[in-house]
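What follows is a set of notes on a single structure, which appears directly below.
Every number in this text was worked out from the coordinates using simple rules, so none of it is lab data. Values in this document were obtained by computation on a predicted structure and should not be read as measured data. As a convention, Cβ positions derive from the backbone with ideal geometry for all residues, glycine included, and neighbour counts pool all protein chains shown.
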Amino acid sequence: MIEEKHSKVYKTIGKNLRKRRNELDLTQDEVAEKIPKMDRSKISDMENGKEDFVFSKFLNLCEALDLSVIEALKEEEDMGN
């Protein structure tokens, strides 16, 4: 369970992960195939800000999406949107 005080950060990360995955035209299943011990439901939970994930899972997902950790953490207004 994610603590309420951190939920905005998790939602921001999830939104950025989903955006990048969609830019690459990949399904959650296709991304999961690139990462050992990760399945589609875990990616879905991360994208929806519902997963209190282990940092290494986050790093693996960023790597699979060719997304920097900095970009994954940026809030929408920081991204020029």
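A few points about this structure:
- Our summary gives region 10-81 a relative contact order of 44 percent, counting only alpha carbon pairs under 8 angstrom and 6 or more residues apart.
- Full-extension gain in nm, His6 to Glu30, via 0.36 nm per residue minus C-alpha separation: 5.8 nm
- (i) 19.5; (ii) 12.6; (iii) 14.0, with the label sought being that of the calculated Kirkwood radius over Cα pairs in Å: (ii)
- Label separation (Arg40 vs Asn22): 1.8 nm, computed from points 7 Å beyond Cα along the C-beta direction.
- Residues with amide H under 5 Å from that of Gly49, placed H, sequence gap 5 or more: Gly14
- Ordering of 19-28, 43-52 by packing is 43-52, 19-28, highest average first (other Cβ atoms within 10 Å, averaged per residue).
- Lysine pairs with alpha-carbon atoms under 14 Å apart, the chain, spacing 8 or more or separate chains: 14
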